[in-house]
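The values are calculated or read from the model by the stated rules, or taken from the named source; none is laboratory data. Keep in mind that what you see is a predicted model, and the values were worked out from it rather than measured. Heads up, the Cβs are rebuilt from the backbone with ideal geometry, glycines too, and the neighbour counts pull from every protein chain shown.
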Amino acid sequence: MIKHQKGTATLFVSVVALLIMTIVAFFVNRSTISDVLNALTMNQSSKSFEAAEAGLNFALAKINDETLVTIAGVQTQSFKQYFCTGNYVKDSTNGCNATLTNNSTNKYIFNENAPDSAYDFQVTMESPDPTKGLIITSIGGKDNCLFGINCNKKTIKTTFAIAPFLTKLPPDAISSPGSVTIGGSTCAENSTGNGGFAVRAGSSASTTNNLNGTGCTASGNGFHGAISTVDGSLQGMQGGLGAMPLSSSANDLQTYFQYVFGKSPNEMYAEADVKASDSLSNYSGCAKSCGKIIWLNNPGNNLAGTFGTLDDPVIVIINGSVDTSSNFTINGLLYVSGSLTTNGNQTVNGAISVAGAYNSQGSIDIKYDKSIFDAAKKIHAGYTMLGGAWRDWQ
């Protein structure tokens, strides 16, 4: 009887011990499974956020892409296919409204796969008020998470603004640290009230023709608007260049170049879309000149053609001297590092800056246009995130 009771007690103790071990094992395994699921959830959440970031970077690369593409048979820079006039975004059918402000409700949507194809992103661009920037919202994640746990996608929303490459351009229709002599039927006008002049020269500014008409667009001659000034601060400024790129010491001495562009010659040369020694006439037409910086070394005197447009101007930098009778139209800025002599039928909507002497004896209209320079400042501009604009949430 006593032996039977001892066996029963032993069995009871063993069963209790096994039960306790089972309970302990259950809670240990439960804790382990919970840790695994939590780690999985954090991994999925991290990948969803990375997908949202990838979407943001994808959109930024698209809107800063200056690669030439053909749209409706016309070559243009890639990023322009996403925007209407006034920097409103297009809608997702590549459409723009006839009434400009109606584009404020447009939303351009990208749907793409992130590098991990299981994690997608959707990016929406909108610009209800382009003066306040471009709003980009990126949603990243996937719909079918493992075990259906924490399938919430991640959202990032931020605002980007245009950061211009060129922050300064000349305020005068004609400028030179040397002399400016105007004859023939030449007309120079600056009626913008921006504090600039029709002519600003370092040593002398003179005209031999009679002032007539009301401005360069009304068949006028002479200086119109804010007439001319001799600015002694320009005299002695260096603008002659030479073989590019310049040495550091020579680059720093180019005071007139920096006065015109707010950039050194080496900075502008590095950004130039064209670096060549051929004729400017080879770049006539919007496809070859609009929205570009063209740098030509001793290109000769053939400037014939039309370069840039009023909405998409060009910056032409000639490293050398020019004596031309070519007929041309330049919408933007013409910079000549040597002397410039013109004698032909020519139009410049924008400005001419000449580091040497400028002598015009032909029929040339040079009209300073602030709107052209506002557009020119966007050449090589890029969107950048506004400080404090980043927002992310689930």
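Which of the residues that make up segment 249-258 are among the hydroxyl-bearing types (Ser, Thr, Tyr) and either outside any helix (DSSP H, G or I) or buried (at least 18 other Cβ atoms within 10 Å of the Cβ) (or both)? Full working, then the answer.
Step one: of segment 249-258, the residues among the hydroxyl-bearing types (Ser, Thr, Tyr) are 249, 255-256.
Across segment 249-258, the qualifying residue is only 256.
Can you find a residue in segment 257-268 that is modelled with pLDDT under 85 and not acidic (Asp, Glu)? Show your work before the answer.
Looking only at segment 257-268, we keep the residues that are modelled with pLDDT under 85, and these are none.
No: segment 257-268 contains no residue that is modelled with pLDDT under 85 and not acidic (Asp, Glu).
So residue 356 fits all but one of (1) outside the structural domain of residue 65 (by TED's automatic domain parsing); (2) touching a Phe, Trp or Tyr at 6+ places or on another chain (Cβ under 8 Å); what number is the exception?
Failing condition for residue 356: (2).
Just to confirm my filter: which strands (runs of 3 or more DSSP E) fall fully inside segment 65-138 and include at least 3 residues that are among the β-branched types (Val, Ile, Thr), modelled with pLDDT under 80 and under 28 Å from residue 274 (Cβ atoms)?
Correct list: 68-71.
Let me spell it out: the conditions are (1) surrounded by 23 or more Cβ atoms within 10 Å (Cβ to Cβ); (2) assigned to a strand (DSSP E or B), and residue 349 meets all of them except one. Which number is the exception?
Only one criterion in (1) surrounded by 23 or more Cβ atoms within 10 Å (Cβ to Cβ); (2) assigned to a strand (DSSP E or B) is unmet by residue 349, namely (1).
Restricting to segment 183-231, what's the tally of residues that are of a type outside the set (Gly, Ala, Ser), modelled with pLDDT of 80 or more and not in a strand (DSSP E or B)?
Total satisfying the criteria: 3.
Out of curiosity, is residue 309 within 19 Å of the chain's Cα centre (by Cα) and in the same structural domain as residue 183 (by TED's automatic domain parsing)?
yes
Looking only at residues that are touching a Cys at 6+ places or on another chain (Cβ under 9 Å) and either surrounded by fewer than 16 Cβ atoms within 10 Å (Cβ to Cβ) or among the hydroxyl-bearing types (Ser, Thr, Tyr) (or both) in segment 278-309, which one is modelled with the lowest pLDDT? It would help to see each step written out before you state the result.
Of the residues in segment 278-309, the ones touching a Cys at 6+ places or on another chain (Cβ under 9 Å) are 306-309.
Still in the list and also either surrounded by fewer than 16 Cβ atoms within 10 Å (Cβ to Cβ) or among the hydroxyl-bearing types (Ser, Thr, Tyr) (or both): 306, 309.
Working: 306: 94, 309: 90.
In this case the residue turns out to be 309.
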